[in-house]
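Colleague: Starting off with a structure, shown below.
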Amino acid sequence: MSLRSICVFCGASPGAHPIYRHAAENLGRYLAEQGLRLVYGGGAVGLMGVVADAAMAAGGEVIGIIPQSLERAEIGHFGLTRLEVVDGMHARKARMAELSDAFIALPGGLGTLEELFEVWTWGQLGYHSKPLGLLDVNGFYGKLGEFLDHLVEERFVRSQHRAMLQLSESPTELLQALRNWQPSAAPKWVDRKPD
Ligand code: AMP
């Protein structure tokens, strides 16, 4: 699948170790060098600001989508190619998804997970066929991976839907996995008998 525009979800905090900031810098720079447009939450704080600054510094195109209510708290980033101010959180996620061909989550907190899981559930229900992946930094997402496997073992998630989420420590490998991904035709409902 050919990718042109990548949505990145990530922490509005920098995290406890410089390694997170370095990973965000690397990813932002890499996307710009590959000629890929970065779509993100539009803030200038935490890893959000870092990934956007790195992409802009490397000559990339960056579009930020921020709700009016957060423009102050997350300090709307005015050094982007374009900053769109929208009505609320739902509009933000919908617009980020509309503008993107694939989704990547860097380390982050509740907002990052919420955004990732919502877009994943949209994919599971067949609302879109866009790939998604985790950029694992220093094993950050290992425990989440174990829990997701547990959901499959307990028959709350189909293995095909679990497999929609790619994981790599390397932006190059992750982008390649996203490009290679083929949407599955598996229906969401695990135990329902065919009609
Ligand atoms: P966090 O991972 O909690 O630092 O948050 C990262 C980003 O997710 C921030 O830009 C938050 O504003 C955003 N965020 C948090 N909750 C939501 C939500 N329900 N919908 C859209 N964005 C959200």
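Colleague: Look through 78, 117, 140 and report the one residue that is part of a loop (DSSP other than H, G, I, E, B), over 19 Å from residue 169 (Cα atoms) and among the aromatic types (Phe, Trp, Tyr).
Modeller: Criteria check complete, one pass: 78.
Colleague: Among the residues of segment 124-135, are any assigned to a helix (DSSP H, G or I) and exposed (fewer than 14 other Cβ atoms within 10 Å of the Cβ)?
Modeller: no
Colleague: Does residue 98 satisfy being open to solvent by less than 40 Å² (accessible area, probe 1.4 Å), of a type in the set (D, E, K, R) and at pLDDT 95 or above?
Modeller: no
Colleague: Can you pull out every residue in segment 7-50 that is away from the ligand (no atom under 11 Å from the Cβ) and surrounded by 23 or more Cβ atoms within 10 Å (Cβ to Cβ)?
Modeller: Scanning segment 7-50 gives 7, 20, 23, 24, 27, 28, 31, 38, 39, 50.
Colleague: Moving on. If you check every pair at least six apart or on different chains, which have Cβ atoms under 8 Å apart with a residue in segment 110-126 that is closer than 12 Å to residue 9 by Cα first and a residue that is among the charged types (D, E, K, R) and more than 7 Å from the ligand (Cβ to nearest atom) second?
Modeller: The qualifying pairs are 119/130.
Colleague: For residue 85, only one of the following conditions fails: (1) assigned to a loop (DSSP other than H, G, I, E, B); (2) of a type outside the set (Phe, Trp, Tyr); (3) open to solvent by 60 Å² or more (accessible area, probe 1.4 Å); (4) within 14 Å of the ligand (Cβ to nearest atom). What is its number?
Modeller: Failing condition for residue 85: (1).
Colleague: Okay, next question. Of all residues in segment 51-64, which are within 15 Å of the chain's Cα centre (by Cα) and either surrounded by fewer than 24 Cβ atoms within 10 Å (Cβ to Cβ) or of a type in the set (Ser, Thr, Tyr) (or both)?
Modeller: Residue satisfying the conditions is 63 alone.
The values are calculated or read from the model by the stated rules, or taken from the named source; none is laboratory data. Predicted model only: the values in this text are computed from it and were never measured. For neighbour counting, all protein chains shown are included, and Cβ atoms are generated from backbone atoms with ideal geometry for every residue, glycine included. Surface accessibility is based on the protein's heavy atoms, side chains included, excluding ligands, DNA and RNA. Shrake-Rupley method; radii C 1.70, N 1.55, O 1.52, S 1.80 Å.
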